[in-house]
1. Would you list A:169, A:185, A:38 from fewest to most Cβ contacts within 10 Å?
2. For an R0 of 35 angstrom, estimate the FRET efficiency from the Cβ-Cβ distance between residue A:230 and residue A:117 and round to the nearest 0.05.
3. When the helix-only estimate is applied to chain A (DSSP H runs of n ≥ 4, each -39,500 (n - 2.57), divided by the residue count), what is the mean residue ellipticity at 222 nm, nearest 500 deg cm²/dmol?
4. How many nm is it between the label spots at residue A:12 and residue A:129, if each spot is 7 Å from the Cα in line with the beta carbon?
5. Just to confirm a number: summing +1 for Lys and Arg and -1 for Asp and Glu over residues other than residue A:166 whose beta-carbon lies under 15 angstrom from that of residue A:166, what do you get?
6. Please name whichever of A:163, A:97, A:203 sits farthest to the positive end of the charge dipole of chain A, dipole taken about the Cα centre and charges placed at Cβ: Lys and Arg +1, Asp and Glu -1.
7. Treat the count of other C-beta atoms within 10 Å as a stand-in for reagent exposure and order A:243, A:230 from fewest to most.
8. Tell me which DSSP H helices of chain A clear both cut-offs, 27 Å or more of axial length from alpha-carbon atoms and a mean Kyte-Doolittle hydropathy of at least -1.0.
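Each reported figure results from applying straightforward, stated rules to the coordinates on display, with no laboratory input. Because the structure is a prediction, the values reported are computed rather than measured. So basically every Cβ, Gly included, is an ideal-geometry build from the backbone, and we count neighbours across all protein chains shown.
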Amino acid sequence: MRIATWNINSITARLPRLLGWLESSGTDALCVQETKCTDEQFPYDELRELGYEAAVNADGRWNGVALISRVGLADVVKGLPGGPDYDGVQEPRAVSATCGPVRLWSVYVPNGREVGHAHYAYKLQWFGALRAAVAADAAGDLPFAVLGDYNVAPTDQDVWDLTVFEGQTHVTAPEREALAALRGTGLTDVVPRPLKYDHPFTYWDYRQLGFPKNRGMRIDLVYGNAPFAKAVSDSYVDREERKGKGASDHAPVVVDLDL
DNA sequence: ATGCCGAATCCGATTCGA
């Protein structure tokens with residue numbers, strides 16, 4: 001089966017591309033982030049016409065995640081159990097479900113904004129809650145993976161120029177330690193192959209020719225447990241989807257599984 | 001050609017993103 005994760009930066013603005021990409025890629029289950037819509041605005045009907053059902057956790061103009069599947073959606077959980085509030089609100093940043101033989105999470109980790117900002121503390125708290133919530137499944141015998149926009153570059157090689165990010169979020173030690181702690185539950189970073197250049201960036205800023213100059217970051221990650229990682233036959237970043245007018249600033253990360 | 005930021009919202013300046 002083929003699964004993927006994609007920060008689509010508004011499912012409304014991206015709907016033609018989303019529908020076209022689902023068909024052309026033959027993806028069975030897709031994790032999406034930044035739907036930027038309410039549940040009422042979510043394009044359930046258009047997806048159903050292509051044979052997909054969706055589990056959605058979205059409440060308006062910011063954030064929002066979904067699982068889109070044509071191989072089943074069972075035991076849906078909306079939200080991050082035990083997750084922290086921000087400004088007194090539980091933001092829609094997680095949804096999980098069992099899609100055929102594999103249990104998947106779609107996550108949109110808080111950005112953090114600036115080191116020392118309340119949003120940065122919230123980001124680290126959110127990682128702690130995620131670790132606790134997935135620990136049992138990560139150590140389990142069934143294929144399991146947490147996919148999404150982690151808003152952290154795991155290594156120095158995962159940003160196009162480290163000097164640009166000095167003192168910024170996404171590369172700090174506490175954020176990387178939070179990722180390492182998450183892996184410590186039994187998850188492996190399934191690193192995709194790039195379709196061009198030497199590093200599998202997944203995000204390129206819209207501004208200043210970020211994509212043509214390959215000024216990217218690898219922040220969209222697939223963290224799978226041992227049964228999941230063992231089943232991976234291929235993985236790549238579909239940078240073709242980042243091209244042209246009407247692209248998201250993130251490209252889909254595709255994973256093929258012998259399941 | 002991969003091309004100089006884009007999306008949602010109290011309709012247009014503001015907020016957010018990484």
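1. Arranged by neighbour count, lowest to highest, A:169, A:185, A:38 become A:38, A:185, A:169.
2. Efficiency at R0 = 35 Å is approximately 0.35.
3. -6500 deg cm²/dmol
4. 2.6
5. The answer is -4.
6. A:163
7. A:243, A:230
8. A:118-138
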